[in-house]
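The values are calculated or read from the model by the stated rules, or taken from the named source; none is laboratory data. On a predicted model such as this, the values are computed, not experimentally measured, just so you know. When we count neighbours, we look across all protein chains shown, and the Cβ atoms used for this are built from the backbone with ideal geometry, even at glycine. These accessible areas exclude ligands, DNA and RNA; they are computed on the full protein's heavy atoms, side chains included. Shrake-Rupley method; radii C 1.70, N 1.55, O 1.52, S 1.80 Å.
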Amino acid sequence: DTLLSVDARFELAELFAEREEHDPAIKLLKEANDLEPRGDRLPSAELMDRIRIRLGTCLAAKKDLDAALGYFEAVANNPKSPLAAQGLYRAGEAHLAKGDTAKAIERLGPFRDRGEYQNLPGLTDRALLRLGYALGLEKKWDASRQAYETLAARFGNSPWVNDARYGAGWALQNAGQFDPAVGWYNQVVAATTTELAARA
């Protein structure tokens, strides 16, 4: 019940999680989350949020999406947390996995709309990709295209830029705008030789 034991549980859980041994990771993370260390020193708020994010990730891997959402939302709903954006993104992913596209759009929308979330490399670009996908599931083709195009314009070196180009083409195709759709598909074909290019 010491502060150091909270750190130790988190570090060990990280090792288990990296090996996809989710059950022991979840046990350790729940212990770390629930522990009340002795003395005046408490774990930092950032460490506790890192524990919650990792715990949610492990639970999501076990398909316990409701429990995972509880931890993700706890972080997302604290705007002072340096991990709030991570909580928002992961909550959006969990809602998508549950098939609740409206709530996914609500959680992923800030990466398009709010300045503090619009330039987080490795997170904003992935969130915009998933936002475009969620909007496409709702057949909101213009908004879907805009999310994809925002990713392509602002994150040209993103590993997901070709997925975004393909998504923009798909949204335009579904909206009946075939010529610009072909333009986006051609960009994918010119940039890669993956299965995505074959689909394009």
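Computed values, structure above
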item	result
Qualifying positions in region 90-119 - under 23 Å from Arg52 (Cα atoms) and hydrophobic (A, V, I, L, M, F, W, C)	Ala91, Ala94, Leu96, Ala97, Ala104, Ile105, Leu108, Phe111
Top-ranked residue of region 11-22 - restricted to ones that are of a type outside the set (A, V, I, L, M, F, W, C) and open to solvent by less than 90 Å² (accessible area, probe 1.4 Å), ranked as farthest from Leu65 (Cα to Cα)	Glu14
Residue ID - farthest from Gln86 (Cα to Cα), chosen from residues in region 27-40 that are open to solvent by less than 20 Å² (accessible area, probe 1.4 Å) and part of a helix (DSSP H, G or I)	Ala32
Residues satisfying the stated conditions in region 111-133, i.e. exposed (fewer than 15 other Cβ atoms within 10 Å of the Cβ) and among the small types (Gly, Ala, Ser)	Gly115, Gly122
Criterion violated by Gly136 - all others in (1) out of contact with any Ser or Thr (no Cβ under 6 Å at 6 or more places or on another chain); (2) open to solvent by less than 50 Å² (accessible area, probe 1.4 Å) satisfied	(1)
Helices (runs of 4 or more DSSP H) within region 41-110 that include 1 or more residues over 18 Å from Glu14 (Cβ atoms), touching a strand residue (DSSP E or B) at 6+ places or on another chain (Cβ under 7 Å) and open to solvent by 30 Å² or more (accessible area, probe 1.4 Å)	none
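Residues checked against (1) more than 18 Å from Leu108 (Cα to Cα); (2) open to solvent by 70 Å² or more (accessible area, probe 1.4 Å); (3) of a type in the set (A, V, I, L, M); (4) under 21 Å from the mean Cα position of the chain (by Cα):
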| position | (1), (2), (3), (4) |
| --- | --- |
| Asp142 | no, yes, no, no |
| Gln146 | no, yes, no, yes |
| Leu151 | no, no, yes, yes |
| Leu172 | yes, no, yes, no |
| Ala175 | yes, no, yes, no |
| Ala181 | yes, no, yes, no |
| Gln187 | yes, yes, no, no |
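Each row is one residue, and each column tells you yes or no for (1) among the hydrophobic types (A, V, I, L, M, F, W, C); (2) under 21 Å from Ala17 (Cα atoms); (3) under 16 Å from the mean Cα position of the chain (by Cα).
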site	(1), (2), (3)
Leu59	yes, yes, yes
Ala67	yes, yes, no
Asn77	no, no, yes
Glu106	no, no, yes
Phe111	yes, no, yes
Leu123	yes, yes, yes
Arg126	no, no, yes
